[in-house]
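Written out below as structure tokens is the structure these notes cover.
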Amino acid sequence: MEGYKIPIGQSIEALIDLLVDNFSFITKAFSNVTESGITILINIMMFFPPWLLILFFAGLAWFFSKKEGIAAFTLIGLVLIWNMGLWEPTVNTIALVLISTMFAIVIGVPLGIMAALNDIFYKIVMPILDFMQTMPAFVYLIPAIPFFGLGPVAAIFSTVVFSTPPAIRLTCLGIKQVPEELVEAADAFGSTKWQKLFKLQLPIATPTIMAGINQTIMLALSMVVIAAMIGAKGLGGEVWKAIQRLQPGRGFEAGIGIVIVAIILDRIMQRVGGKQE
Amino acid sequence: MHKISIENLYKIFGPHPEKALRLLEQGKTKDEIMQNTKHGVGVANASFYVDEGEIVVIMGLSGSGKSTLVRCINRLIEPTSGKVFVDNEDVTALSEEELRVFRQKHFGMVFQNFALFPHRTVLQNVEYGLEIQQTEPQERKERGMQAIEQVGLKGWEASYPSQLSGGMQQRVGLARALALDADIMLMDEAFSALDPLIRRDMQDELLMLQEEMQKTIVFISHDLDEALRLGDRIILMKDGVIVQEGTAEEILTSPANDYVVRFVEDVDMSKVLTAESVMVKPAEMAYYKTDGPKSALRKMKTAGISSIFVRKDRQLAGMVTAADAAEALKRGDKTLEHVMTENFDSVAPDTPANELFPLLADNNYPLAVVNEKNKLVGIIIKGSLLAGLAERGVS
Ligand SMILES: Nc1ncnc2c1ncn2[C@@H]1O[C@H](COP(=O)(O)OP(=O)(O)OP(=O)(O)O)[C@@H](O)[C@H]1O
Ligand SMILES: [Mg+2]
């Protein structure tokens, strides 16, 4: 059985080499854009004193959720992070999550719409998503390195790949869930495909799409943490450093920081989606 | 030219309709075809027409193919074979894009299950059809509000469908179709969700609107009362086949087969009901002693009628038509003596209602209901007879 090894690994390496050799201009362009995006976003956030930004985030939480509890948690949580001396890595992490999520939405929502409206595309995409979601997360780190080298861009690339599936899946589900009779009514009045999409299907699918985006954000956060292994800074980087330097206390603090950020993002996003219903 | 005409329309549900079509031609029934081929027969060989300004009611038991037939008219369901013409244009031959534009122009539709958009307010729902035709927002709103008023939902325009009762939602669905100004209305059990009182109101309202709008309406109902009240003609379906087509009188008086008989037997009330129970008070009377042609004519004009009964010494003396009265006026007659005619039918109060149909059918004037002393106790017009029957029919 081991006499002949099917060259799966080799083939993939060959493919990656081919892509790196021939499409590096694309990866370079992506790299430049993303890198400056990250830098600008981080610079903006670091420009303000932490307390101001913390108040801003708490206000944002209040605005989206209309719940004092969530706003208060945001305030206290972020102050705790600041107090632990983790403000800069947290800003870093949030920036990476935001940018990855943006990419994931820009890619995922249109793909989800296409999958919902086109049966053939649906049948092609769904098995790929299943495959992608059963892959262990850090496998996605591997192809990122030859394309983008170590650093935040590679981290964002693998994060986007890892976190896009739920955006696609739930967008598709949300649109498919729009009752047939409503689509029929829209047809009966002579709507175009676009009118149907924007006036009926997307508005009705919004809560489901938001749930997908929420999942995307959560996955992005977990991946950004893992991506510390390939040079992403941020809270994950702090954990990673702590492991290497055997500082369990420091690592634990960074872990708490991650949990706080996760809870804040989750609660806010849940409200954004739920509000529509 | 008919507004809508449908020729040999078939709809078979399933992947290989040809096989089922062949079996249908061999005279197999819907159930047999279902058993042998697993294909559902929605509509089989339906042909009928609807004229401009006419209300045709399609009736039949649940599953008889009413919705399928109506959906084939605007091709929400693609017919398996057969043709649909609207204004002599072959709807079945339109491309997808042509069909879309055609629907905008010609069809308003009210759905059995409302199919309101839950994320839109009542007004936004009603405006939908205009919105996709890119009507100006101002005009859109005006027409939307007008339609909302027509269905009696003024004040609710900012509510969402989920905040309304079933009957109100149904009316929003109606308003959504009315706002469009399409020349054809397809109404699938449009009033089924309404309670009896509001239902009667909406039927009256529809008839009133129809007076001024003169739309072409295809109305589905499984309620005979409603069909009798609304329909200029009625089409009865069973297992996808049209079993009888005709006016309410034709269907009531000469049912084509047992199915129709069973359908209308609830309304065999017409044998039980008498002239007395379906007559109405005359809108206006003329008095031989005091009224001349001029005042008789004025009475007819104000009441909006074209003939008037004349009373003399507490008895029914005759009838004057508007045309004759006008003639007499020109001649300078001072009394009704020379224009009064006895050329009308009168019946006793206990005449069975089914004997009234033939009398009404070949008579443009109302029937007079007179008692044994020859006193006029009421009159019967076509509408009041059908309404009377419908009111007492069983739903
Ligand atoms: N999409 C479909 N696929 C398969 N069969 C269908 C479909 N739609 C309708 N049918 C079948 O076609 C037949 C006619 O259905 P239709 O909905 O036209 O009945 P209907 O007269 O409108 O009944 P109801 O009064 O209950 O609304 C039924 O036997 C139904 O099972
Ligand atoms: Mg139906």
**OP:** Please verify whether the range A:232-249 includes one or more residues that are under 26 Å from A:Phe131 (Cα atoms) and open to solvent by 10 Å² or more (accessible area, probe 1.4 Å).
**Re:** no
Subject >> Residue under evaluation A:Ala144, criteria (1) modelled with pLDDT under 90; (2) of a type outside the set (Phe, Trp, Tyr); (3) open to solvent by 10 Å² or more (accessible area, probe 1.4 Å), criterion not met >> reply: (3)
Subject >> Hits in the range B:80-108 - residues which are within 11 Å of chain A (Cβ to nearest Cβ) and open to solvent by 30 Å² or more (accessible area, probe 1.4 Å) >> reply: B:Glu96, B:Glu97, B:Glu98, B:Arg100, B:Val101, B:Gln104, B:Lys105
Subject >> strands (runs of 3 or more DSSP E) wholly inside the range B:38-92 that include at least 1 residues being within 16 Å of ligand 2 (Cβ to nearest atom), closer than 22 Å to B:Phe111 by Cα and touching a Cys at 6+ places or on another chain (Cβ under 9 Å) >> reply: B:40-50
**OP:** Consider B:Lys312 carefully, then state whether it is surrounded by fewer than 18 Cβ atoms within 10 Å (Cβ to Cβ) and in contact (Cβ under 8 Å) with a residue 12 or more places away in the chain.
**Re:** yes
Original post:
Does any residue in the range A:171-197 that is at the interface with another protein chain (Cβ under 7 Å from one of its Cβ atoms) and within 25 Å of B:Lys105 (Cα to Cα) come within less than 7 Å, Cβ to Cβ, of a residue that is open to solvent by less than 10 Å² (accessible area, probe 1.4 Å) and assigned to a loop (DSSP other than H, G, I, E, B) six or more places away or on a different chain, and which pairs are these?
Top reply: A:Glu181/B:Phe111; A:Glu181/B:Ala115; A:Leu182/B:Ala115; A:Leu182/B:Phe117; A:Glu184/B:Ala115; A:Ala185/B:Phe111; A:Ala185/B:Ala115; A:Ala188/B:Asn74
**OP:** Quick one: A:Pro49 ticks every box in (1) modelled with pLDDT of 90 or more; (2) surrounded by 12 or more Cβ atoms within 10 Å (Cβ to Cβ) except a single one, so which number is it?
**Re:** (2)
**OP:** Consider only pairs whose beta carbons are under 7 Å apart and that are at least six residues apart or on different chains; among these, list those whose first residue lies in the range B:329-343 and is within 27 Å of B:Leu367 (Cβ to Cβ) and loosely packed, with under 14 Cβ neighbours inside 10 Å and whose second residue is of a type in the set (Val, Ile, Thr) and at pLDDT below 85.
**Re:** none
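The values are calculated or read from the model by the stated rules, or taken from the named source; none is laboratory data. Bear in mind the structure is a predicted one, so any value in this text is a computation, not a measurement. Virtual Cβ from ideal backbone geometry, glycine too; neighbours counted across all protein chains shown. Only protein heavy atoms, including side chains, enter the accessible area calculation; ligands, DNA and RNA are left aside. Shrake-Rupley method; radii C 1.70, N 1.55, O 1.52, S 1.80 Å.
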